[in-house]
Amino acid sequence: MSTCACPTQPATAAHRFQRVGAIIERHQRKPERLIPILQEVQEEYRYLPREVLSFVATALDLSPAKVFGVATFYAHFALEPKGRTVVRVCDGTACHVKDSMPIFDAIRGHLKLAAGQHTSADMEWTLEKVSCLGACGLAPVVVIGEQVHGQLAPGMVPALLDAVARPATGSAA
């Protein structure tokens with residue numbers, strides 16, 4: 001079996017499976033390690049490609065339905081590519097009562113996402129509405145990457161997203 005050493009060739013499915021195979025081997029091909037395996041695969045690709053889920057199922061001697069079922073059961077897993085920065089807007093009870101949806105709409109508008117579109121065409125941003133972020137005292141809450149931003153208003157969105165897109169190069173002492 002020979003492989004092309006051409007550096008300009010895009011990643012092939014075989015190459016993708018090779019990287020996934022290494023993840024599976026680190027977990028000693030144990031089916032009970034399915035969730036950590038899927039977490040690592042998602043970290044590698046920012047989502048779980050369907051053909052990779054089938055490969056994982058075969059490699060772990062599990063049914064594809066079992067692997068797909070786990071991948072779709074947990075909200076943490078994504079079956080579609082996500083942008084480099086994920087923005088999660090809480091729409092739990094406390095946030096909803098404090099008008100989280102106008103904030104969601106302001107973010108969608110600022111990112112120029114059409115209704116139903118979750119990820120920007122440049123793969124820089126993904127916008128998600130979530131049921132709870134566990135920060136009800138800060139409602140309404142948005143998490144950008146790993147940073148929690150509370151007590152927001154729609155008018156605060158442009159400056160907040162622009163600051164994330166272009167972080168300050170200097171630091172305050």
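The values are calculated or read from the model by the stated rules, or taken from the named source; none is laboratory data. Source: prediction; values computed, not measured. Quick reminder, even Gly has a Cβ in these numbers, built from the backbone with ideal geometry, and neighbours come from all protein chains shown.
Count of region 71-99 residues, restricted to those that are of a type in the set (A, V, I, L, M), surrounded by fewer than 18 Cβ atoms within 10 Å (Cβ to Cβ) and within 18 Å of Glu124 (Cα to Cα), is 1. Within region 72-109, track down each residue that is within 19 Å of the chain's Cα centre (by Cα), in contact (Cβ under 8 Å) with a residue 24 or more places away in the chain and farther than 21 Å from Leu48 by Cβ. Of everything in region 72-109, those that are within 19 Å of the chain's Cα centre (by Cα), in contact (Cβ under 8 Å) with a residue 24 or more places away in the chain and farther than 21 Å from Leu48 by Cβ turn out to be Val89, Cys90, Asp91, Phe104, Ile107. Between Ala57, Ala65, the distinction of being outside the structural domain of Trp125 (by TED's automatic domain parsing), more than 27 Å from Leu127 (Cβ to Cβ), small (Gly, Ala, Ser) and exposed (fewer than 12 other Cβ atoms within 10 Å of the Cβ) belongs to Ala65 only. Would you confirm whether any residue within region 42-54 is polar (S, T, N, Q) and in the same structural domain as Val148 (by TED's automatic domain parsing)? No, region 42-54 contains no residue that is polar (S, T, N, Q) and in the same structural domain as Val148 (by TED's automatic domain parsing).
Residue by residue, here is whether (1) of a type in the set (A, V, I, L, M, F, W, C); (2) modelled with pLDDT under 95 holds:
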{"site": "Val86", "(1), (2)": "yes, yes"}
{"site": "Val97", "(1), (2)": "yes, no"}
{"site": "Ile103", "(1), (2)": "yes, no"}
{"site": "Lys112", "(1), (2)": "no, no"}
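Beta carbons closer than 7 Å, at least 6 apart along the sequence or on distinct chains, pair a first residue in region 126-151 that is part of a strand (DSSP E or B) with a second that is of a type in the set (Ser, Thr, Tyr) for Thr126/Thr119; Ile144/Thr85. Residue under question is Arg46, and the condition is that it be closer than 27 Å to Val87 by Cα and at pLDDT below 95; does it hold? Considered against the rule, which asks whether it is closer than 27 Å to Val87 by Cα and at pLDDT below 95, Arg46 comes out as yes. All of Ala57, Ala65, Ala71 fail the test of being assigned to a helix (DSSP H, G or I), farther than 30 Å from Leu138 by Cβ and in contact with a Phe, Trp or Tyr (Cβ under 7 Å, 6 or more places away or on another chain), apart from Ala71.
Would you check if there is a residue in region 28-38 being outside any helix (DSSP H, G or I), farther than 19 Å from Phe77 by Cα and not charged (D, E, K, R)? Scanning region 28-38 turns up at least one residue that is outside any helix (DSSP H, G or I), farther than 19 Å from Phe77 by Cα and not charged (D, E, K, R). State yes or no: is Pro102 in a loop (DSSP other than H, G, I, E, B) and either loosely packed, with under 15 Cβ neighbours inside 10 Å or not charged (D, E, K, R) (or both)? The answer is no for Pro102. Just to be sure before I move on: is Pro36 more than 22 Å from Arg84 (Cβ to Cβ) and either out of contact with any strand residue (DSSP E or B) (no Cβ under 6 Å at 6 or more places or on another chain) or without any contact (Cβ under 8 Å) to a residue 60 or more places away in the chain (or both) in the structure I sent? For Pro36, the condition - more than 22 Å from Arg84 (Cβ to Cβ) and either out of contact with any strand residue (DSSP E or B) (no Cβ under 6 Å at 6 or more places or on another chain) or without any contact (Cβ under 8 Å) to a residue 60 or more places away in the chain (or both) - is met.
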